[in-house]
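A.B. asks: Input: one structure, supplied below.
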Amino acid sequence: MSDDRRILSTHTGSLPRPDDLIQLMWAVADGIPVDQAALDARIEAAVDEVVHRQADAGVSIINDGEMSKPSYATYVKDRLEGFHGESTQVYHFSDLDDFPRSAEIVASNPGRRKRSAPACTGPISVKDVQAAHDDMVHLTRSAATVDAAGTFSSAASPGVVSIFFANEYYPTREEYVFAIAEAMRHEYEAI
């Protein structure tokens, strides 16, 4: 893929996870015991599958599809401390107002009903430093087996985290967003 005349292509990051992987992730979220080695192996296999599918489709700059994350934003509750209970945050996607059928499809998505977004109830800090590292290892390993111009990895921004997780701890929104940014630093640096 070194043709200088080619316009490189990519995407925004989160791709559909395989149904069996989603079921394992939902079981974990529901507190049902899951064989961690089997879950890790399924995530790694899903990354390999999605990397190859992107390469086969001609995507130039590929990623892991966020296979290790049950959601592009709410996964941070598993990687950071300070989030507990249920968020009272109500958010509305106004871009769907003019598209009622699309809004209906989004609202009926089983993942939306399973999504857990606890509130920020204490100081935010890193809980799991290994997860971001594992994501990079899986992506790098899989990407080495395909012809791609490059790789990228997505991470939730402080702004999107603050939308999904209500702040019940920090005195101001600014302090909340900066606390999220500082806690997410390890993930941004791992990428």
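A.B. asks: Which count do you get for residues in the range 18-35 that are loosely packed, with under 11 Cβ neighbours inside 10 Å and either touching a Ser or Thr at 6+ places or on another chain (Cβ under 7 Å) or over 16 Å from Met67 (Cβ atoms) (or both)?
C.D. replies: Total satisfying the criteria: 5.
A.B. asks: State yes or no: is Ile61 modelled with pLDDT of 95 or more, of a type outside the set (Gly, Ala, Ser) and within 17 Å of the chain's Cα centre (by Cα)?
C.D. replies: It is false that Ile61 is modelled with pLDDT of 95 or more, of a type outside the set (Gly, Ala, Ser) and within 17 Å of the chain's Cα centre (by Cα).
A.B. asks: For the range 151-166, what are the residues that are over 15 Å from the mean Cα position of the chain (by Cα) and at pLDDT 95 or above?
C.D. replies: Within the range 151-166, Thr151 is the sole residue that qualifies.
A.B. asks: Mind checking which pairs have a first residue in the range 1-17 that is closer than 14 Å to Ala55 by Cβ and at pLDDT 90 or above and a second that is surrounded by 11 or more Cβ atoms within 10 Å (Cβ to Cβ) and among the aromatic types (Phe, Trp, Tyr), Cβ under 7 Å, 6 or more apart or different chains?
C.D. replies: Sorted first by the residue in the range 1-17, then by its partner, the pairs are Thr10/Phe152.
A.B. asks: Can we say Ser108 is modelled with pLDDT under 95 and either over 20 Å from the mean Cα position of the chain (by Cα) or surrounded by fewer than 17 Cβ atoms within 10 Å (Cβ to Cβ) (or both)?
C.D. replies: So Ser108 passes the test.
A.B. asks: Name every residue in the range 7-54 that is more than 20 Å from Arg141 (Cβ to Cβ) and part of a helix (DSSP H, G or I), in order of residue number.
C.D. replies: Asp19, Asp20, Ile22, Gln23, Leu24, Met25, Trp26, Ala27, Val28, Ala29
A.B. asks: For Leu139, work out the one condition from (1) assigned to a loop (DSSP other than H, G, I, E, B); (2) crowded, with 20+ Cβ neighbours inside 10 Å it doesn't fulfil.
C.D. replies: It fails just one condition, (1).
A.B. asks: Which of the residues that make up the range 20-37 are free of Cβ contacts under 8 Å to residues at least 40 places away in the same chain, farther than 21 Å from Glu86 by Cα and among the hydrophobic types (A, V, I, L, M, F, W, C)?
C.D. replies: Across the range 20-37, the qualifying residues are Leu24, Val34, Ala37.
A.B. asks: Now for a separate question. Pick out the one residue from Ser162, Ser153 that is under 19 Å from Val76 (Cα atoms) and in contact with a Leu (Cβ under 9 Å, 6 or more places away or on another chain).
C.D. replies: Ser153
A.B. asks: Of the residues Ile61, Ile43, only one is within 18 Å of Asp135 (Cβ to Cβ) and either surrounded by 18 or more Cβ atoms within 10 Å (Cβ to Cβ) or among the charged types (D, E, K, R) (or both); which?
C.D. replies: After applying the criteria, what remains is Ile43.
A.B. asks: Take Ala179 and decide whether it is surrounded by 14 or more Cβ atoms within 10 Å (Cβ to Cβ), at pLDDT below 95 and either at negative phi or part of a loop (DSSP other than H, G, I, E, B) (or both).
C.D. replies: It is false that Ala179 is surrounded by 14 or more Cβ atoms within 10 Å (Cβ to Cβ), at pLDDT below 95 and either at negative phi or part of a loop (DSSP other than H, G, I, E, B) (or both).
A.B. asks: Are any residues in the range 150-176 of a type in the set (Ser, Thr, Tyr) and not in a loop (DSSP other than H, G, I, E, B), and if so, which ones?
C.D. replies: Answer for the range 150-176, where residues must be of a type in the set (Ser, Thr, Tyr) and not in a loop (DSSP other than H, G, I, E, B): Thr151, Ser162, Tyr176.
A.B. asks: Going through Asp95, Asp134, Asp147 one at a time, which residue ends up being acidic (Asp, Glu), modelled with pLDDT of 90 or more and not in a loop (DSSP other than H, G, I, E, B)?
C.D. replies: So the residue among Asp95, Asp134, Asp147 that is acidic (Asp, Glu), modelled with pLDDT of 90 or more and not in a loop (DSSP other than H, G, I, E, B) is Asp134.
The values are calculated or read from the model by the stated rules, or taken from the named source; none is laboratory data. Given the structure is predicted, the values throughout are model-derived calculations rather than measurements. Cβ atoms come from the backbone with ideal geometry, glycine included; neighbour counts cover every protein chain shown.
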